[in-house]
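The values are calculated or read from the model by the stated rules, or taken from the named source; none is laboratory data. From a predicted model like this one, the values you see are computed outputs, not experimental measurements. Here the Cβ positions follow ideal geometry from the backbone for every residue, glycine too, while neighbour counts run over all protein chains shown. The accessibility values were calculated without ligands, DNA or RNA, using every heavy atom of the protein model including side chains. Shrake-Rupley method; radii C 1.70, N 1.55, O 1.52, S 1.80 Å.
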Amino acid sequence: MLEQVTKVHDESRQGEAYAPVAGESQTYTKKFYIESYGCQMNFNDSEIVASILKEEGFGPTRNVEEASLVLLNTCSIREKAETTVRKRLTEFRKIKQRNPELLVGVLGCMAERLKAKLLEEEKLVDMVVGPDAYRTLPALIEEAETGQKAVNVLLSREETYGDISPVRLDSNGVTAFVSIMRGCNNMCSFCVVPFTRGRERSRDKASILQEATDMFNRGYREVTLLGQNVDSYYWVSPDNDNDITTFANLLEAVALISPLLRVRFSTSHPKDITDDVLYTMAKYENICKYIHLPMQSGSTRILQLMNRTYTREWYIKKVDRIREILPGCALSTDVITGFCTETEEDHQDTMTLMDYGQYDLAYMFFYSERPGTLAARRYQDDVPEEVKKRRLSEIVDLHRAQSLKSMQQDVGKTFKVLIEGVSKRSEDQLFGRTDHNKVVVFPKEDFRKGEYIWVKVEDCTAGTLLGTSTGRA
Ligand code: SAH
Ligand code: SF4
Ligand code: F3S
């Protein structure tokens with residue numbers, strides 16, 4: 001994530017290949033190349049895959065030409081995500097013609113959605129591996145090496161890869177992501193995730209705490225806890241039925257690792273985020289005051305068709321509650337325009353709810369029907385594409401104005417910033433993030449990444465705050 005933002009879906013990283021850790025790639029005889037698409041959890045899965053492959057003697061490479069194994073960790077969330085992967089496969093066809101020994105594997109949500117059908121449609125693919133089957137990769141590779149096509153798309157009710165320590169290949173050494181659960185039990189009617197990722201399950205609390213503590217000890221200063229619906233995290237100790245950990249408890253435990261470790265999380269479903277979570281956030285300075293609260297639509301009628309299980313009024317009350325317990329808390333959201341039967345009036349409801357939320361960041365999409373989902377089976381995708389796109393551009397314009405205003409309001413203020421690295425603008429400048437996850441660029445002086453400093457903001461662009469440090473924090 002070149003400019004790392006706490007979000008589940010990050011367009012800027014789509015298709016990014018992993019870089020080997022300096023000096024490490026030489027020690028492996030076999031090399032794999034992996035590209036990741038989709039949400040942050042998928043990127044995190046690629047790090048688990050890297051860890052499994054490392055045990056098999058495979059080292060990572062960013063150069064596809066020197067790889068004996070090429071993997072695409074794919075996303076199915078919208079049709080466009082799948083089209084991008086299909087195009088990439090066409091490009092790999094040429095490489096495979098030059099190097100017939102090359103094994104090509106499709107991992108992730110598209111593998112799960114299409115299963116063995118993918119082998120018929122894309123002849124160059126040797127392996128199709130679903131998100132819960134990565135432990136079987138070594139066996140599948142062996143099978144594929146004998147010339148057989150290898151498929152494992154079994155979903156699991158237990159798998160969390162909790163014991164596997166992800167290989168942080170492309171990391172800045174300061175911020176990292178930790179998956180705390182997998183799957184999703186909600187049935188939002190537009191969404192393919194419950195089909196591609198299976199049932200929701202929470203990861204062992206001890207393994208989460210151990211991973212976060214290890215990272216802190218290795219110099220990391222920020223963790224983002226990841227799940228499709230983090231507020232439904234629920235862990236019962238195997239030794240004691242009364243020892244229950246909720247998301248609020250987990251958040252507190254991670255915050256207690258060190259006051260120098262920033263904690264973020266994503267995603268919160270508006271129906272599930274509790275006062276307990278909000279009070280825990282208020283209690284610890286190192287839990288960032290930033291909540292990703294996807295609204296999807298501002299119309300109660302559309303929300304019902306989407307099966308989001310909350311109304312416009314409920315959503316507004318949640319926003320009010322957040323502002324009451326956490327004054328000034330930053331909010332971000334996801335919006336879909338042009339869902340089945342959406343009228344201009346529904347669209348206006350989304351516009352006014354966007355206005356109410358005053359989001360610092362929003363991920364906005366037009367509806368893309370996904371085969372097999374509740375919406376695809378029940379409703380007609382009846383909003384014409386040009387209407388979906390026009391509504392989307394209205395939402396985007398509104399959001400741009402709002403986020404620019406939010407940036408401008410920060411000029412003149414001083415923020416605590418965690419330094420992440422050298423700025424893309426100039427070698428003499430560093431960049432970091434505020435608690436509200438805004439990027440700040442400032443002169444390097446003698447500061448180093450991983451440090452906390454105070455920065456007084458003097459100017460801004462639409463996406464970046466510019467300032468000067470007033471000293472270490
Ligand atoms: N678990 C998260 C969402 C994960 S998917 C949540 O519940 O909010 C990320 C975003 O993609 C969703 O919030 C939604 O806005 C968008 N999305 C999902 N399915 C979509 C579809 N069929 N068409 C367009 N956008 C979609
Ligand atoms: Fe999809 Fe809804 Fe689950 Fe999010 S909560 S992953 S939108 S089904
Ligand atoms: Fe994530 Fe895309 Fe799958 S958003 S869960 S990779 S469908």
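Short to long, the 10 Å bins of the Cα pair-distance histogram for the range 414-472 hold 27, 65, 8 percent of all pairs.
Over all directions, the average projected area of the alpha-carbon convex hull for the range 7-152 comes to how many nm²?
On the way: hull surface 32.4 nm².
If you wrap the Cα atoms of the range 7-152 in a convex hull and average its projections, you get 8.1 nm².
May I ask for the equivalent-ellipsoid semi-axes of the range 337-473, computed as the square root of five times each C-alpha gyration tensor eigenvalue and listed largest first in whole Å? Could the numbers behind the result be given before it?
On the way: eigenvalues 330, 51, 26 Å².
Value: 41, 16, 11 Å, ordered largest first.
Computed over the Cα atoms of the range 170-226, the ratio of the radius of gyration to the Kirkwood radius (Rg/Rh) comes to 1.11. Annotation: amide H of LEU465 within the under-5 Å range of VAL439, VAL440, VAL441, sequence separation 5 or more or interchain, hydrogens built in the peptide plane.
Of the peptides 91-97, 349-355, 264-270, 212-218, how do they stack up when ordered by the mean number of other Cβ atoms within 10 Å, highest first? Walk me through the numbers on the way to the answer.
Details: 91-97: 13.4, 349-355: 18.6, 264-270: 23.3, 212-218: 16.0.
Final packing ranking: 264-270, 349-355, 212-218, 91-97.
What translational D, rounded to a whole number of µm²/s, comes out for the chain from Stokes-Einstein when the hydrodynamic radius is the Kirkwood one over Cα pairs, at 4 °C and 1.567 mPa s? Could the numbers behind the result be given before it?
Numbers: Rh = 23.3 Å.
After rounding, the answer is 56 µm²/s.
Of the residues PHE431, PHE247, the one with the largest accessible area comes first in the ranking PHE431, PHE247, computed with a 1.4 Å probe on protein heavy atoms.
Out of all DSSP beta bridges with both ends in the chain, state the antiparallel percent to the nearest 5. Kindly include the intermediate steps, with their values, before the conclusion.
Values: 29 of 73 bridges.
The antiparallel fraction comes to roughly 40 percent.
Quick one: accessible area per residue over the chain, 1.4 Å probe, rounded to a whole number of Å²?
Averaged over the residues of the chain, the accessible area is 42 Å².
State the extension gain, in nm to one decimal, for the chain segment bounded by GLU386 and GLN358, taking 0.36 nm per residue of separation less the distance between their alpha-carbons. The partial results should precede the final answer.
Details: separation 28, 0.36 × 28 = 10.08 nm, distance 2.63 nm.
So the extension gain works out to 7.5 nm.
For a label point 7 Å from the Cα of GLU345 along Cα→C-beta, name the residues of the range 358-393 whose backbone N is under 18 Å from it. Once the point is set 7 Å along Cα→Cβ of GLU345, 383 turn out to lie under 18 Å by backbone N, inside the range 358-393. Working note: 222 nm ellipticity from helices only, DSSP H runs with n ≥ 4, each -39,500 (n - 2.57), summed and divided by the residues of the chain, gives -10000 deg cm²/dmol to the nearest 500. The spacing between the range 30-64 and the range 278-306, judged by their C-alpha centroids, is 32 Å. Distance from the Cα centroid of the range 191-264 to that of the range 421-473 is 29 Å (rounded to whole angstrom).
Assuming R0 = 30 Å, what is the FRET efficiency of ASP320 and ALA473, from their Cβ-Cβ distance, to the nearest 0.05?
Working: r = 31 Å, r/R0 = 1.04.
E(calc), rounded to 0.05, equals 0.45.
Quote the FRET efficiency, to the nearest 0.05, computed for ARG378 versus ALA139 with a Förster distance R0 of 35 Å and r equal to the Cβ-Cβ distance. Each step should come with its number before you reach the end.
Details: r = 40 Å, r/R0 = 1.13.
So, using R0 = 35 Å, E works out to roughly 0.30.
Note on SER237 and LEU260: their simple-model spin labels are 2.9 nm apart, each label 7 Å out from Cα toward Cβ.
Cα-Cα over 26 Å: which of LYS283/LYS317; LYS115/LYS271; LYS117/LYS271; LYS54/LYS289; LYS80/LYS123?
In this structure, LYS115/LYS271; LYS117/LYS271; LYS54/LYS289 lie more than 26 Å apart at Cα.
Solvent-accessible area of the chain (1.4 angstrom probe, protein heavy atoms only): carbon and sulfur portion equals 50 percent. Stretching GLU285 away from GLU91 to a fully extended chain increases their span by 65.1 nm, per 0.36 nm per residue minus the current alpha-carbon distance. Given their separation in residues at 0.36 nm each and the Cα-Cα distance between them, LYS444 and GLN408 gain 10.7 nm when the chain is fully extended.
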